[in-house]
Amino acid sequence: MSKLNSGQEAPKIGVYVCHCGGNISDHVEIDKVVEQAGGLANVAVARENSFMCSDPGQEMIIEDIEAGKVNRIVVASCAPALHEATFRGAITRAGMNPYLYEHANIREQVSWVHHGPGATDKAAALVAAAVGKAGELEPLEPIRVEAEAHATVIGGGVAGMSAARDLAAQGLNVALVEKSPFLGGQVSQLDKTFPSGEAAGELLSALAAQVLHDDRITVYTCSELAEYSGYVGSFKLKLQRTPPSGQDQERLSRIGDASPGQFLPFVGVWADQPPEASEEVELTSGAVVLATGFEHYTPPQGEYGYGDLAEVITLPELIQIMAGETGGGEQLVVNGKTVNSLALIHCVGSRQIPGIHQPAPGGTLNEHCSRVCCTASLQAACELREKFPETSVFELYRDIRTYGRGQEDYYLNAGRAGVVFARFAPEAPPRIEAGGEDSALTVTVPDQLLAGEELALGVDLVVLAVGMEPRDNQGLVDKMKLPVGADRFLLEVHPKLRPVELPAAGIYLAGTCQAPMDTSEVANAAGAAAAKAGAILSAGQVELDPFVAQIDQAKCVGSGACVEACLSDGAIEMIDTPDGKRAQVNPALCMGCGVCVAVCEQDAIELNGWTLGQYEAMVDAIVAQTAGQGAKA
Amino acid sequence: MAEFPFLEVNEAIRLYGGEDLNACMQCGLCASLCPWREVESPFFARQMIRLGQLGLEGYETDEVLFGCTTCNKCVINCPREVDIIGIMRSMRAMVAEAGIRPEPLKTASGSCHANGNPWSGKREDRMAWTQGIEVPEYGPDIEYLLFVCCTSCYDQRSQKIARSVARLLDAAGVSWGVIGPEESCCGESIRKSGDEETFQKLAGSNVELFNRKGVKKIITTSPHCLKTFASEYPELGGEYEVIHSSQLLAGLAAEGKLRLKGDDGRKVAFHDPCYLGRHSGVFDEPRDLLDQAGAEVVAMPREKDFSLCCGGGGGRVWMETPPEQRFSVLRVNEAASVGAEVLATACPYCISLLEDSQKTEGLSDSLKVMDLSELLVENLAE
């Protein structure tokens, strides 16, 4: 350990206060903050800069370190989430331990929320607290854990297959775990994808071929995750393989003389022979990619006549019917009945509104937009008009959201193809009744485009554009302690900064288990998840922040209170020692939350980087600053 | 009582020339940009198209279906580039078949049938505008046919425009001539008013005449003739190089062939005629000519693409509009508000409506309404 890293030397603290172009300096008197900081104990230099994050700002810190003027750093600027890593990086480049650093947030916590003299006082207090803590900082080393060059992908749809392929391409071994005997997921239920019109079967065949022919990828069909433990770099997984039953068995009966890798329309790609008896598979994986997909909303009986009227079907059902139609006639024929006219209803099971829509039995509503149903409906409408020019098509919508590349064309083309639109309000949805003058059904809808005047449409078929729902993943969520959003989809750490990561290191999200997406977006997300997982695993070891609990075994009396309180399974365990049971931390699993510190009656636990002594120093500094108006300690 | 959509009507509108009917996504931008929003009016293009899409009734009135002045502002701003005028024209044509048309439009159509012009003037009087001047007859050795708008042939005030254009063409040494009473109305406004049959008759007769005379290039005094000759005659077998007088004159002035004194000195506001500006994309040439004449061009708030229609297009020039609904009233006041001494324009319909409003608004002493050609004639160098 170099002298600079020792932390044993008397603290010489450098304080650097940022203007953030006026973001901070418009409301905080930087001069005063710098002056007061300069008067604090242990502070060797106090400086300011317009943008501390800029190269000249960072260079200022590096020069002071290299000149031996300072051995601990405090930067007062924006939120640490933005630039803490930037300044730790600068310190590392200057050859100093990056954990001899403390950050004071005087933008989000001061200048953006307080104006006037109080703003300067608060900034000075936060800087004083940071200086107080900096004096108590110890050099730390990141936790390094060995990483198994193996990833497990759960879910064999487009997301799972894409992620598996991309992980294997980085030289990693991959386990692809699929519940059913088939690969392809929900895309198997499509005929054509949008916006290219490419056949779903061709897309899936190509993707499955890449997966099935890659020696690094092992496909486990008919498998579910039974047990899960471990941490990034070394997850222990147990898979349960079960012979197929129910719907899967029925689907397998359709295989006939197909060979593995072959696509069966509306079933999927048949991967391999299913297991004949139950079996368990144990895996050690460095990372886990979740690609468990979505489920289609199933309308409850009676919603838009579904389940009561045979002429009311869902869009996936229509797609399957149309795929079987060769388009010989002028009109669509369903169940032997000619369809002169049909109505597609949008937003079924999507964009539900409390107080208007009926919650599911569990009390839940799908308040989200499912993002694909508008374009899928319009795609179907265009195809209907093209194949069956004598079948009239109505689209009953709330808003049209054809947001993606090439999707607006379907909207325009549907209009040009003679599709007639009507816009309804969520509180006044279309009503479906059996019978009509010359039709099987009558749909009545107040048309917002006609100031709410009611239209009566005589149609022979009603098609419900059902939305996407989160799959029931409760088993997986419980086993892996996965965060779930208010919309019941799995929830990433941050939608922009860490869009495919979960808070637990080494677990990634790919595709519609996270949110409704179209197939292109799913492929993007899968690529991102694979890249993130690959970046960690290809290094052979994983570096984790050192802010974890540390137990002073001399003080520990083995009460086990910390194990009880711990939020991360396995992060603290009781071990037998010659002195009796003692607590021990597994740093790879510890989240650094500090709950154990709070419950330990012996004060035997410290959180590295956030020790009790450091907290005390901060509190003392704030008290001194606010009471004594910057009096020297 | 719920309405039952009647999709056969939807189909018929598309067959009559409103192919874009279902391409309209009902965003409503058309209705919100429409000059009718400046006054009280029941005409909303979006709503009218909506009724057409569903084949429902309720749009057939003079104020709604025949309200549109075809100013083109909605069309050039439509996010779907829907041919709104085509839809409106088709819907007018459909109700016309049922005999539902405003009386003044029936009169104009009848006159076109009988006299070849909508103003009930005698065919043989078509050259009345040439009184007092010599005009060359079009022949094989002549470069341009000068096609004078029916309005400028028969309306006394408007005849001055035609004579001014003739004078300028002579001054610039252009090779031009007229055919005379054999000419028929271009048919632009008759077609927009929903009388497709009469348009076909007028246009067919003109195409036959022009082709027989060997016409290659046409100068028009009206932007309406310009638009229909250039865009609608080719598919009827009439392919000509068509130019509005202001375009030709601007080129000649730039070449030094049209010599102006350049001492006008007045504050002049230029009113962009819809069919010259938004329909034909001619914005700069008239302003260049005003510059050359030494006028001080003052901008009005609504200019060029956002010019305010005078109210005379789409057959409205033949219909009576109550004073409180006249766009031309708003326009003359707009010109006065920017301190213009002259409100210049380049369309016989605009002149007619603007001058009328200038009088009713009591602006006769302070604001002069002039055709661009009239202003240029005053400024001709000796």
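The values are calculated or read from the model by the stated rules, or taken from the named source; none is laboratory data. What you see is a predicted model, and the numbers here were worked out from it, not measured in a lab. Glycine also receives a Cβ, built like all others from the backbone with ideal geometry; neighbour counts cover every protein chain displayed.
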* Report, by residue number, each residue of the range A:1-26 that is crowded, with 19+ Cβ neighbours inside 10 Å, in contact with a Gly (Cβ under 8 Å, 6 or more places away or on another chain) and either part of a loop (DSSP other than H, G, I, E, B) or at pLDDT 95 or above (or both). => A:ILE13, A:VAL15, A:TYR16, A:CYS18
* Structure fact -> Being in a loop (DSSP other than H, G, I, E, B) and either basic (Lys, Arg) or farther than 30 Å from A:VAL187 by Cβ (or both) narrows A:GLY418, A:GLY436, A:GLY458 down to just A:GLY436
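Let me confirm something: among A:ARG371, A:ARG351, A:ARG401, which residue is within 14 Å of another protein chain (Cβ to nearest Cβ), within 35 Å of the chain's Cα centre (by Cα) and not hydrophobic (A, V, I, L, M, F, W, C)?
Selected residue: A:ARG401, the only one of A:ARG371, A:ARG351, A:ARG401 that is within 14 Å of another protein chain (Cβ to nearest Cβ), within 35 Å of the chain's Cα centre (by Cα) and not hydrophobic (A, V, I, L, M, F, W, C).
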* **Odd one out for A:ALA226 among (1) without any contact (Cβ under 8 Å) to a residue 60 or more places away in the chain; (2) in a loop (DSSP other than H, G, I, E, B); (3) surrounded by 15 or more Cβ atoms within 10 Å (Cβ to Cβ)** => (2)
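Yes or no, residue by residue, for (1) more than 8 Å from chain A (Cβ to nearest Cβ); (2) over 19 Å from B:ASN72 (Cβ atoms); (3) under 28 Å from the mean Cα position of the chain (by Cα):
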| residue | (1), (2), (3) |
| --- | --- |
| B:GLU3 | no, yes, no |
| B:PHE6 | yes, yes, no |
| B:ALA12 | yes, yes, yes |
| B:LEU15 | yes, yes, yes |
* In this structure, is B:GLU182 farther than 21 Å from B:LEU258 by Cα, in contact with a helix residue (DSSP H, G or I) (Cβ under 8 Å, 6 or more places away or on another chain) and either buried (at least 24 other Cβ atoms within 10 Å of the Cβ) or free of Cβ contacts under 8 Å to residues at least 60 places away in the same chain (or both)? -> yes
* Residue list for the range A:582-600, filter: over 32 Å from the mean Cα position of the chain (by Cα) and at pLDDT below 95 -> none
* To do: Any chance you could count how many residues in the range A:414-458 are surrounded by 23 or more Cβ atoms within 10 Å (Cβ to Cβ) and of a type in the set (Val, Ile, Thr)?
  => 4
* Within the range A:382-398, can one find any residue that is part of a loop (DSSP other than H, G, I, E, B), closer than 18 Å to B:ARG46 by Cα and within 11 Å of chain B (Cβ to nearest Cβ)? -> no
* Can you name the residue in the range B:192-216 that is under 20 Å from the mean Cα position of the chain (by Cα) and in contact (Cβ under 8 Å) with a residue 60 or more places away in the chain and, of all such residues, is surrounded by the most Cβ atoms within 10 Å (Cβ to Cβ)? -> B:SER193
* Structure fact -> Residue hits (the range B:328-352; surrounded by fewer than 24 Cβ atoms within 10 Å (Cβ to Cβ) and either under 15 Å from the mean Cα position of the chain (by Cα) or among the basic types (Lys, Arg) (or both)) are B:SER352
* **Residue selected from the range A:43-58 under the condition touching a helix residue (DSSP H, G or I) at 6+ places or on another chain (Cβ under 7 Å) and among the polar types (S, T, N, Q), by the criterion surrounded by the most Cβ atoms within 10 Å (Cβ to Cβ)** => A:GLN58
* Look at the range B:28-57 and say how many of its residues are touching a residue at least 12 places away in the same chain (Cβ under 8 Å) and either at the interface with chain A (Cβ under 10 Å from one of its Cβ atoms) or in a helix (DSSP H, G or I) (or both). => 19
* Hits in the range A:444-464 (condition: under 43 Å from the mean Cα position of the chain (by Cα) and either closer than 14 Å to A:VAL312 by Cα or of a type in the set (A, V, I, L, M, F, W, C) (or both)) -> A:VAL445, A:LEU449, A:LEU450, A:ALA451, A:LEU455, A:LEU457, A:VAL459, A:ASP460, A:LEU461, A:VAL462, A:VAL463, A:LEU464
* Asked: Which of the residues belonging to the range A:136-153 are closer than 17 Å to A:ASN71 by Cβ, hydrophobic (A, V, I, L, M, F, W, C) and surrounded by fewer than 21 Cβ atoms within 10 Å (Cβ to Cβ)?
  -> A:LEU140
* Residues within the range A:422-432 that are within 14 Å of chain B (Cβ to nearest Cβ) and without any contact (Cβ under 8 Å) to a residue 60 or more places away in the chain, tallied -> 5
* in contact (Cβ under 8 Å) with a residue 40 or more places away in the chain, in a loop (DSSP other than H, G, I, E, B) and within 25 Å of B:CYS24 (Cα to Cα): does that describe B:THR70? -> yes
* Condition test on A:LEU441, is it touching a residue at least 60 places away in the same chain (Cβ under 8 Å) and either assigned by TED's automatic domain parsing to the domain that holds A:LEU318 or farther than 30 Å from B:ALA45 by Cβ (or both)? -> yes
* Hey, can you tell me all the residues within the range A:65-92 that are under 24 Å from A:ALA10 (Cβ atoms) and charged (D, E, K, R)? => A:GLU66, A:LYS69, A:ARG72, A:ARG88
* To do: Would you please name the residue that is surrounded by the fewest Cβ atoms within 10 Å (Cβ to Cβ), looking only at residues in the range B:132-153 that are without any contact (Cβ under 8 Å) to a residue 40 or more places away in the chain and within 16 Å of the chain's Cα centre (by Cα)?
  => B:CYS153
* To do: Examine the range A:522-534 for a residue that is out of contact with any helix residue (DSSP H, G or I) (no Cβ under 7 Å at 6 or more places or on another chain) and under 22 Å from A:SER229 (Cα atoms), and state whether such a residue exists.
  => yes
* Structure fact -> For the range B:207-250 the number of residues that are in contact with a His (Cβ under 6 Å, 6 or more places away or on another chain) and among the aliphatic types (A, V, I, L, M) is 1
* Structure fact -> If we ask which residues in the range B:97-131 are touching a residue at least 40 places away in the same chain (Cβ under 8 Å) and surrounded by 20 or more Cβ atoms within 10 Å (Cβ to Cβ), their number turns out to be 10
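Of a type in the set (Asp, Glu) and surrounded by 15 or more Cβ atoms within 10 Å (Cβ to Cβ) - does that describe any residue in the range B:50-57? Quick ask: steps written out before the conclusion?
First, pick out the residues of the range B:50-57 that are of a type in the set (Asp, Glu): B:57.
In the following step, the residues that additionally are surrounded by 15 or more Cβ atoms within 10 Å (Cβ to Cβ) were identified as none.
Checked the range B:50-57: no residue is of a type in the set (Asp, Glu) and surrounded by 15 or more Cβ atoms within 10 Å (Cβ to Cβ).
Given the criterion within 14 Å of chain B (Cβ to nearest Cβ) and farther than 29 Å from A:VAL522 by Cβ, identify the matching residue among A:ASN335, A:ASN413, A:ASN340.
On the way: A:ASN335 fails: within 14 Å of chain B (Cβ to nearest Cβ); A:ASN413 fails: farther than 29 Å from A:VAL522 by Cβ.
After ruling out the rest, the residue left standing is A:ASN340.
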* **Among the candidates B:SER280, B:SER245, B:SER231, residue that is of a type in the set (S, T, N, Q) and buried (at least 22 other Cβ atoms within 10 Å of the Cβ)** => B:SER245
